[in-house]
Structure formats: C-alpha cells, structure tokens
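This report concerns only the one structure given below.
Every number in this text was worked out from the coordinates using simple rules, so none of it is lab data. Nothing here was measured: the structure is a model prediction, and the numbers come from that model. Methodologically, a virtual Cβ is constructed for each residue, glycine included, from the backbone with ideal geometry; neighbour enumeration extends over all protein chains shown.
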Amino acid sequence: MTAPMRLSPIRIACAACVLAAGLFTVVAGVAGTVHAQPVERAPLRAPDIHYEPTPHNVVTEILDLAKIGARDVVYDLGCGDGRIVIAAVKQRGARGVCVDIDPQRIRESKVNAARAGVAERIVFLNQDLFETDLAGATVITLFLSRDVNRKLRPKLTRELEPGTRVISYVHDMGAWAPTASRTVQGAYGPRNLNLWIIAPRK
Ligand SMILES: C[S@@+](CC[C@H](N)C(=O)[O-])C[C@H]1O[C@@H](n2cnc3c(N)ncnc32)[C@H](O)[C@@H]1O
C-alpha cells in the first residue's frame, strides 16, 4: 500500500504562491487592457510624477494635433501603459519608443503592445527620461508637469532635430510659447493640449 503524501509547510506555501499568481494572471487576462501586475522591481528612483493615463479620446487628439504619420518615430517620455505610442503605431503606422522609470509600466506597455499586435515596432526602455537619448525622435509626447517640462527644455533643444513636434497634455513649457493649442475633454474636465515645433538651430 502506498504511504499517504505528507506536505511540509514550505510546500504548502509554494503551492499557495503558484495559485495566487495563476489567479492574478486570469483576472488580468479577463479584464482586457492590463493596468496592474505584481511589482517585481521598484522604480529606478522616485518618479517625477505619478501615473495617470491620458484618456483615450485625448490620445486621438494628440495623434491629430501632432499630425502623426507613418514616417514618424514617437517617443512617450513617461509612457504609462503605452497607450499613446501603441495608438500611433497601430492607427498611423508610426514606430515608437516607450520610456518609463517604473518597470511595472514598461511590463504593462509590452503586454498591451503585444495584444495590439504592434510590439515589434516599439522599443521599450525602463529608464529615467532625463537619461534617454532622443536622437531619432520626430514626435515627443509628454504628460508630466510644468516643472518637469521646463527642466526638459535644454535637453529637447540639444537633442531634437529642428521640426520635431513636442506635444504636452495639460502642462505648458513655461516661457516657450506653443505653436498650437487646443482644449480637450480630460478625465476631470477641459484641459489644454499644447504643441511646439523645435526651431532651426542658430
Ligand atoms: C501622468 S503619467 C502619463 C502616462 C502616459 N504618458 C499617458 O499619457 O497615458 C506619467 C508617467 O511618467 C512616469 N515617470 C515619472 N517620472 C519619470 C522619469 N523621470 N523618467 C521616466 N518616466 C517617468 C511615471 O512612472 C508615469 O508612468
């Protein structure tokens, strides 16, 4: 006769972990777009601004105001769940770069891009946006803060080619007057969408 199997406390704990992870995956899958996954690593440093997604209606306005097309390379600096870059690639045939300091956001972006069938046209960088090499960008999208935008100005001037479009949801760039602006319906009411075009070098 076979002896009954005895489970040690460690085995029971491991089994519980596996079950919990499996349950989470199922819930995330059923929910559609992934917004949360277990955190395996912390952000590289404290983010300059917390995560808040741009509403999908505003994403469409961004694509329009920046006139994003198939020749563009769109960088979202602080990309969140990747929705802006994914929309630019899927709807306009662009290529894109998703940058976020928080590895959880990068994981979400990868899952969402794979689900949209565009992951191979996007580069994902778990990086501080102030360290990102911007050469090659034709469009930069931002949803950060006025202070971070202002701190970014020297880097944008230094690294971006003349004619590159920079678009910021909600926040301005301090003394930089926008080339174009429109009011859009944000999650909590009307908000500004601002566009700048990098000027020729002097
Ligand atoms: C307000 S959310 C915008 C998300 C996305 N761009 C959108 O519009 O849906 C700001 C994002 O910037 C990221 N972030 C904050 N500071 C950062 C930094 N220094 N480098 C890279 N990402 C940063 C946050 O982790 C967060 O995902």
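Going from the residue with the fewest nearby Cβ atoms within 10 Å to the one with the most, D64, D72 rank D64, D72. Sorting Y169, Y188 from the fewest to the most surrounding beta carbons within 10 angstrom yields Y188, Y169.
Evaluating 6.51 cos²θ - 1.76 cosθ + 1.60 at θ = phi - 60° for every residue in the range 127-139, the Karplus couplings come out as 7, 6, 4, 6, 9, 6, 7, 8, 4, x, 6, 10, 9 Hz, glycine and proline recorded as x. In the range 61-202, the DSSP beta bridges split such that about 40 percent are antiparallel, to the nearest 5.
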